[in-house]
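*Asks:* What follows is a structure written as structure tokens; I'll ask about it next.
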Amino acid sequence: MLALGVIADDFTGATDVAGMLVRGGLRTVQLIGVPSSSGADDIDTEAAVAGAEAVVVALKSRTTPAADAVAESLAAWHWLRAAGAKRCYFKYCSTFDSTPAGNIGPVTEALMSELGTDFTIACPAFPENGRTIFRGHLFVGDVLLSDSGMRDHPLTPMRDANLVRVLQAQCGAGTRVGLIRYDTVARGTEAVRQRIAALRSEGVRMAVADALHDDDLRTLAAGCSDLPLLTAGSGLALGLPELYERLGEARRHADAAGLDPMVGPAVVLSGSCSQATNAQVAHWRDAGRPARALDVRALLRGDGAAAAEVAAVLAWARPLIGRGDGDDAVPLIYSTAAPSELAATQSELGALEAGARVEHALAAIARELGSMGVRRWVVAGGETSGAVVQALGASALRIGPTICPGVPWTQAQRRAAPGAQGAQGGSIWLALKSGNFGAPDFFSAALRMK
Ligand code: ADP
């Protein structure tokens, strides 16, 4: 029985929310993109989603033009609805990442009209990871979003912490954005319901919801149980499994996070430039583990230089793949850079084009490493994870145990390349980390789990 269909605007965001649902006991599968309606994809997908109580469709729509993001999100919902989903959850980042043009507003409006609803909430809060909302302002740890490292994000710099204002600017003239304040949430489910009724009667169609603690998210989830659409970070999902069980819409399972034992050669790929990832790369290097920085300037110069750099990286990594010294010898390949360095590389081609070229190179590297036999992948960066997973030809991920809040291990059946004999197929395991997440030792902590 499919209780919930989730549309996530990037890959790590999808694994984050899927991990949250699994922790709550729902069997959850993450699909990479909207399944095509023909051939092998269908068979893979049908087998993968059989028995799932929640399905998360991972899109790569955070930074695409709004019209494309809307079209893809609607296609994802059509697929989920056909698979039996009654409720829809639009998942974005806990730091409300959006480009200045902004896709969260237009996608929400389109889903509202598709689901025939006149109201929904927006709540990226994730207290466990330090994302809280008060009076509509998003905090990252102790500072406003606009004072956090998100100021300098390569693709989605966030320079206004007032989410009511940010969301309003992304919506059409007919959509008013309001606020469900913390004092309301603190009074409980009934107060939230009454506030929603009041906002509706004033013609407000979306409300940013304050939340400081996990219990606030549970209150909001219960107070919104009549709404067919929720829009949020992954935090709001923490109360849903229990709520759906109470409503008789799902059953929870103790073994929802079970994966097969994780075996085989491993690699770490990092294309995130967040503060957290910079610290993780530094930690790995400081521990004396093998690490190779990509020469990003070569990647940006064009095909010849880029291809030569990819070949050089692969030549460096090849002898390390599956070396017998355990996970201390796992190679890390990264484009991760400090803000000043990043600004310098972006100034040449623009952030989007520079990002696309780096992603392209990491995808090519992943493809080759896959054919060298790598089976365990730790990947840092949302967009980067999307590119890597696509390159590996994984179409559905079973969600497993949590490495750190927001990041579970996942297992995928790698599709055999046409004409390949066996060796290309089989399971691989992926830890897909959103840039901002994880302690400095995240990479080795992930690899320690078997
Ligand atoms: P995060 O999860 O931290 O947001 P993403 O992978 O989603 O990480 O986004 C980072 C973007 O920055 C990607 O498009 C990536 O290709 C790009 N990028 C990574 N390193 C560099 C670099 N050194 N110069 C320019 N762009 C880069």
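The values are calculated or read from the model by the stated rules, or taken from the named source; none is laboratory data. Just so you know, these numbers come straight off a predicted model, no measurement behind them. Methodologically, a virtual Cβ is constructed for each residue, glycine included, from the backbone with ideal geometry; neighbour enumeration extends over all protein chains shown.
*Asks:* With the structure loaded, tell me whether Ala191 is crowded, with 16+ Cβ neighbours inside 10 Å, closer than 30 Å to Leu349 by Cβ, in the same structural domain as Val107 (by TED's automatic domain parsing) and small (Gly, Ala, Ser) or whether it fails that test. Show your work before the answer.
*Replies:* Values: crowded, with 16+ Cβ neighbours inside 10 Å: yes; closer than 30 Å to Leu349 by Cβ: no; in the same structural domain as Val107 (by TED's automatic domain parsing): yes; small (Gly, Ala, Ser): yes.
Answer is no for this residue.
*Asks:* Separate question: Residues that are basic (Lys, Arg) and within 12 Å of the ligand (Cβ to nearest atom): does the range 358-373 have at least one? Step through it out loud before you land on a result.
*Replies:* Residues of the range 358-373 basic (Lys, Arg): 367.
If we keep only those that are within 12 Å of the ligand (Cβ to nearest atom) too, we end up with none.
There is no residue in the range 358-373 that is basic (Lys, Arg) and within 12 Å of the ligand (Cβ to nearest atom).
*Asks:* Out of all the residues in the range 431-450, which are surrounded by fewer than 23 Cβ atoms within 10 Å (Cβ to Cβ) and either modelled with pLDDT of 90 or more or within 16 Å of the ligand (Cβ to nearest atom) (or both)?
*Replies:* Initially, the range 431-450 is screened for residues surrounded by fewer than 23 Cβ atoms within 10 Å (Cβ to Cβ), giving 439-441, 444-445, 447-450.
Ala439, Pro440, Asp441, Ser444, Ala445, Leu447, Arg448, Met449, listed by residue number.
*Asks:* Would you confirm whether any residue within the range 47-63 is within 16 Å of the ligand (Cβ to nearest atom) and free of Cβ contacts under 8 Å to residues at least 60 places away in the same chain? Working first, answer last.
*Replies:* Start the filter on the range 47-63 by keeping residues that are within 16 Å of the ligand (Cβ to nearest atom), which leaves 58-63.
Checking the rest, the ones that are also free of Cβ contacts under 8 Å to residues at least 60 places away in the same chain come to 59, 61.
Yes - at least one qualifying residue is present in the range 47-63.
*Asks:* Something else: Count, please, the residues in the range 102-131 that happen to be part of a loop (DSSP other than H, G, I, E, B) and free of Cβ contacts under 8 Å to residues at least 40 places away in the same chain. Please lay out each step first, then the result.
*Replies:* Applying the first criterion (part of a loop (DSSP other than H, G, I, E, B)) to the range 102-131 yields 102-103, 116-119, 124-125, 130.
Checking which are free of Cβ contacts under 8 Å to residues at least 40 places away in the same chain leaves us with 130.
So the count comes out to 1.
*Asks:* Scan the range 91-104 residue by residue and report those that are surrounded by fewer than 24 Cβ atoms within 10 Å (Cβ to Cβ) and either over 21 Å from Arg151 (Cα atoms) or touching a Leu at 6+ places or on another chain (Cβ under 9 Å) (or both).
*Replies:* Residues satisfying the conditions are Thr99, Gly102.
*Asks:* Turning to a different aspect of this structure: Output the number of residues of the range 348-393 satisfying the condition of being more than 17 Å from the chain's Cα centre (by Cα) and part of a loop (DSSP other than H, G, I, E, B).
*Replies:* Residues that pass the stated criteria total 6.
*Asks:* Tell me which of these Thr99 doesn't satisfy, since it passes every other one: (1) in a helix (DSSP H, G or I); (2) over 30 Å from Ala198 (Cβ atoms).
*Replies:* (1)
*Asks:* May I pose another question? Residues of the range 144-165 being of a type in the set (Val, Ile, Thr) and away from the ligand (no atom under 14 Å from the Cβ), which ones? Reasoning before the result, please.
*Replies:* Step one: of the range 144-165, the residues of a type in the set (Val, Ile, Thr) are 156, 164.
Listed by number, the list holds a single entry, Val164.
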